[in-house]
Amino acid sequence: MNDGAFPIVAVASATKAIVQNPKAASETLTAEFVVLAGAGPVPNNPNDPYATGDDVVVGITPGEPTATRGAPGWAARARATVKVAAGPAVAMARGIHWRDTGRVRHVDLDEGLFPALHDVDVRRVAFAMAMTYAGVPSAFTQRRFGSATAVRDASRPDVGLFNRVIGFGRGDLACLDEIIAFYEEARVPCQIDLTPNHATPELLAALDARGFGTTGASCVFRGSPEPSPRDGRGIVIAHATGPALADALDLHRRFGQRPPLGEAERARRVAFLSEHPEYRMFVASIDGQPAAVGALLLLGDACHLANDCTDPSMWRRGCQRALLEHRIDVAAREGCRLAVTDTMFGTSSHRNVERSGFRLVYNLVWRVRPLTFA
């Protein structure tokens, strides 16, 4: 009756798989299903099939016709072995996956989104600098050039995050030499973060002529948070407040394999964060042991998720995804309508944000003019 190949479009639980077949009738069968793309981790399975290529065994019994993601489907129930195939086919179809926790809705990609992203980026850098230099003289400055904002920290010329031009476009070409001079006077390489919508032949030619080269890129994502409580999965997440802030700062440095903060600097940062509740640090623990940290910066109706670090001994335990989902839930309950985050391409962080519903806005290309260019 139901002869043929039925694509599995979701694994609905540990005992139920959804297959797409508009004409299928309810029927008892025994079969092997090969998942080439589209299914995510089975709930309560400690392993991620995408990452491990594990066979996932599910038990299913006859069910009623159902609809999945807007398309007719059939909930079949039988004994089945779901084999998850690794490779390009899987990598290209991660959009359909099991999601039962904090996630984000789609945000239209239109011209109104770009100024909002510009604002979030500038404000999160300014906040980071205010925390870094709390109580001490600051080497940070920012200046507007046309529609672009240049941020500069002369004390750390090799840190591109704090030394770059945000929002530079073809309408700002008249300011390009002035921008270069702004960085040259502080002996800082000039970095322009270039978005695809501004990468015109004229702009690219101007950058090439002045010695700008490409040094890297990152992925910027957007979404609208939805409140959704987590299912736990054995990971406990706590908002670090009071004395726990110092511990969270130490964990972030240690998990990120960076030198620890000095006592005075740590005390200044704790005091600063205690007065700025818009910045929240969260610690994920497994069996009482701190395993990962992540931060959320609330910016009115927008927010930025960043500073994720996991203890290397706790990798592949789901900590970062749990932290991501928890912060999405917190942001939704705080009234945020736009959530922004960024990752490097093809990393576990990239996969986690997409599984939580974030969509790519653009790849941000770093164009840098070295100080030695004449």
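Rundown of residues vs (1) at pLDDT 95 or above; (2) buried (at least 18 other Cβ atoms within 10 Å of the Cβ); (3) of a type in the set (Val, Ile, Thr), yes/no style:
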{"position": "303", "(1), (2), (3)": "yes, yes, no"}
{"position": "325", "(1), (2), (3)": "no, yes, no"}
{"position": "347", "(1), (2), (3)": "no, no, yes"}
{"position": "350", "(1), (2), (3)": "no, yes, no"}
{"position": "371", "(1), (2), (3)": "no, no, no"}
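Just wondering, is there one or more residues in the stretch 268-284 that are farther than 17 Å from residue 134 by Cβ, loosely packed, with under 12 Cβ neighbours inside 10 Å and not hydrophobic (A, V, I, L, M, F, W, C)? No, the stretch 268-284 contains no residue that is farther than 17 Å from residue 134 by Cβ, loosely packed, with under 12 Cβ neighbours inside 10 Å and not hydrophobic (A, V, I, L, M, F, W, C).
For residue 245, are the conditions met, namely being surrounded by 14 or more Cβ atoms within 10 Å (Cβ to Cβ) and touching a helix residue (DSSP H, G or I) at 6+ places or on another chain (Cβ under 7 Å)? Yes; evaluated as a whole, the condition is true for this residue.
For residue 261, the requirement of being over 24 Å from residue 300 (Cα atoms), modelled with pLDDT of 95 or more and crowded, with 16+ Cβ neighbours inside 10 Å is not met. Scanning the stretch 326-374 for residues that are under 22 Å from residue 165 (Cβ atoms) and assigned to a helix (DSSP H, G or I) yields no hits at all. Based on what the data block shows, is residue 151 of a type in the set (A, V, I, L, M) and surrounded by fewer than 18 Cβ atoms within 10 Å (Cβ to Cβ)? Spelling it out, it is not the case that residue 151 is of a type in the set (A, V, I, L, M) and surrounded by fewer than 18 Cβ atoms within 10 Å (Cβ to Cβ). Residues that are assigned by TED's automatic domain parsing to the domain that holds residue 210 and free of Cβ contacts under 8 Å to residues at least 40 places away in the same chain do not occur anywhere in the stretch 358-371. The number of residues in the stretch 110-161 that are in contact with a strand residue (DSSP E or B) (Cβ under 7 Å, 6 or more places away or on another chain), closer than 18 Å to residue 301 by Cβ and either assigned to a strand (DSSP E or B) or modelled with pLDDT under 90 (or both) comes to 0. If I filter the stretch 305-316 down to residues being touching a strand residue (DSSP E or B) at 6+ places or on another chain (Cβ under 6 Å) and on the phi < 0 side of the Ramachandran plot, which single residue comes out as modelled with the highest pLDDT? Among those residues, the one meeting the criterion is 305. Residues in the stretch 283-324 that are of a type in the set (Gly, Ala, Ser) and part of a loop (DSSP other than H, G, I, E, B) were compared, and the one that is farthest from residue 221 (Cα to Cα) is 288. Restricting to the stretch 113-156, name every residue that is under 22 Å from residue 276 (Cα atoms), of a type in the set (Phe, Trp, Tyr) and without any contact (Cβ under 8 Å) to a residue 40 or more places away in the chain. 133, 140, listed by residue number. Of the residues making up the stretch 198-230, those that are surrounded by 13 or more Cβ atoms within 10 Å (Cβ to Cβ) and over 19 Å from the mean Cα position of the chain (by Cα) are 198, 199, 203, 204, 206, 207, 210, 211, 212, 215.
The values are calculated or read from the model by the stated rules, or taken from the named source; none is laboratory data. Just so you know, these numbers come straight off a predicted model, no measurement behind them. A quick note on method: Cβ atoms are made from the backbone with ideal geometry, for glycine too, and the neighbour counts reach across all protein chains shown.
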